[in-house]
Amino acid sequence: MGVIETTRKASNDRAKVAVAQSVDLPLGKILSGDCIAAMRSLPDNSVDCVFADPPYNLQLGGDLDRPDGSRVDAVDDEWDQFASFRAYDDFTRGWLAEARRVLKPDGSLWVIGSYHNIYRVGASLQDLGFWILNDIVWRKTNPMPNFKGTRFTNAHETLIWASQGEKARYHFNYRAMKTLNDELQMRSDWVLPICSGGERLKQDGKKAHPTQKPEALLYRVLLATTERGDVVLDPFFGTGTTGAVAKRLGRQWIGCEREDDYRKIAYKRISLELPLDESALTTMQSAKSAPRVAFGTLVETGLIAPGTKVFDKKRRWVAIVRADGSLEYDGRDGRLCGSIHGLGKDLQNAPSCNGWTFWQYENGAEVQPLDAARQLYRLANED
């Protein structure tokens, strides 16, 4: 398997291809109707990444009540209902075949699902020739409990990341992911809260979409496997999380969505380019279960935004926070890049540096160390 290295030349080449294709693609548009039919309108080999959050086919058998008697707002929409496993498999193979056709040879496919459907989807994509690179476990810090107490709490979902084939080239920003994780290799288990609080879109006091995904999840996916200017296709666009994050990161996007209400909500949301709301980060996770917080987590979740200026206490050095959690310094010592720890070490010509306390930033009218933002994140994620 060959990996396309993240170099300036590769990025420029991909950007040129994206510009050349822009005439033929409905960039920034949500195609209506059935996703399979909508994807058929797109040219072959035209998108860089497909992120799919298909119906889970939950097979719910009746209403679910909490112990206090209140009704659980479960997924019972018509779009998630299929007559049989065979019907679901036929649907899955149909949209996967179109995804394979529109993806570039070095493109990536991402699919997210639960135990209800992810194994069937995985088998179908392998049958069609996709090659699984990773299965990512998204471990939810604040999952819905099992109210009946008859099974384990469903605390995770699975993402499949696949290339076009066993020998296919694909794009992976390894360095960005390592920097995002404080200079440790990014693992295949991601601990993130579910979409809640201010990030959860609502209509008339109810969830606008039952399975809205957190923006931090899409941030990591797109940062890992796409570049600025790349085209991202979401066949199950819903309320537009993929489009909102793509716009924030400078990616182009195309959506497919058959529900009129979802399309209207998505267009409004993306036009506002909403940042993550800190209240959406409130979770039920204890500090003991996750004592370590990577600087990249603060960037992903919006506590420290890309473009923020950070500086040492004496303001000898000023650096800019980049989208992958690295810092860029351009001054009398030349242009240097690195993690919060590595760049601080290099600038001081020291054997080591604690970037959390070395780097300061302006939080309103107050100057605080980066560690203050880390503590805010930890407080938001305490029991």
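Here are some notes:
- For the residue pairs Lys29/Lys104; Lys29/Lys178; Lys178/Lys247, alpha carbon separations beyond 25 Å are given by Lys29/Lys178.
- Modelled spin labels at Lys167 and Leu184, positioned 7 Å past Cα toward Cβ, are 3.8 nm from each other.
- Using R0 = 35 Å, the C-beta based FRET efficiency linking Asn134 and Leu27 works out to 0.80.
- Pair-distance profile P(r), taking every C-alpha pair of the range 318-359, with 5 angstrom steps and integer %: 6, 26, 36, 23, 8, 0
- FRET efficiency for Arg175 and Asn45, using Cβ-Cβ distance with R0 set to 41 Å, rounded to 0.05: 0.95
- Karplus (6.51, -1.76, 1.60) ³J(HN,Hα), θ = phi - 60°, over the range 182-195, in Hz, Gly and Pro reported as x: 6, 6, 10, 4, 5, 8, 8, 10, 10, 9, 9, x, 6, 6
- Protection proxy ranking of 344-355, 133-144, 361-372, by the mean of other Cβ atoms within 10 Å over each peptide's residues and highest first, is 133-144, 344-355, 361-372.
- Amide N of the range 40-58 lying under 20 Å from the label point, which is placed 7 angstrom from the Cα of Ala87 along Cα→Cβ: 54-58
- Protection proxy ranking for 163-169, 150-156, using the average of other Cβ atoms within 10 Å per residue and placing the highest first: 163-169, 150-156.
- In the context of the full protein assembly, Asp312 retains an accessible surface of approximately 0 Å², using a probe radius of 1.4 Å and ignoring ligands and nucleic acids.
- Solvent exposure ordering (accessible area, 1.4 Å, most first) of Tyr262, Tyr174: Tyr174, Tyr262
The values are calculated or read from the model by the stated rules, or taken from the named source; none is laboratory data. None of the values given here were measured: they were computed from a predicted structure. Positions of Cβ are generated from backbone atoms using ideal geometry, with glycine treated the same way; all protein chains shown enter the neighbour counts. Areas reflect the complete protein model, heavy atoms only, side chains present, ligands, DNA and RNA absent. Shrake-Rupley method; radii C 1.70, N 1.55, O 1.52, S 1.80 Å.
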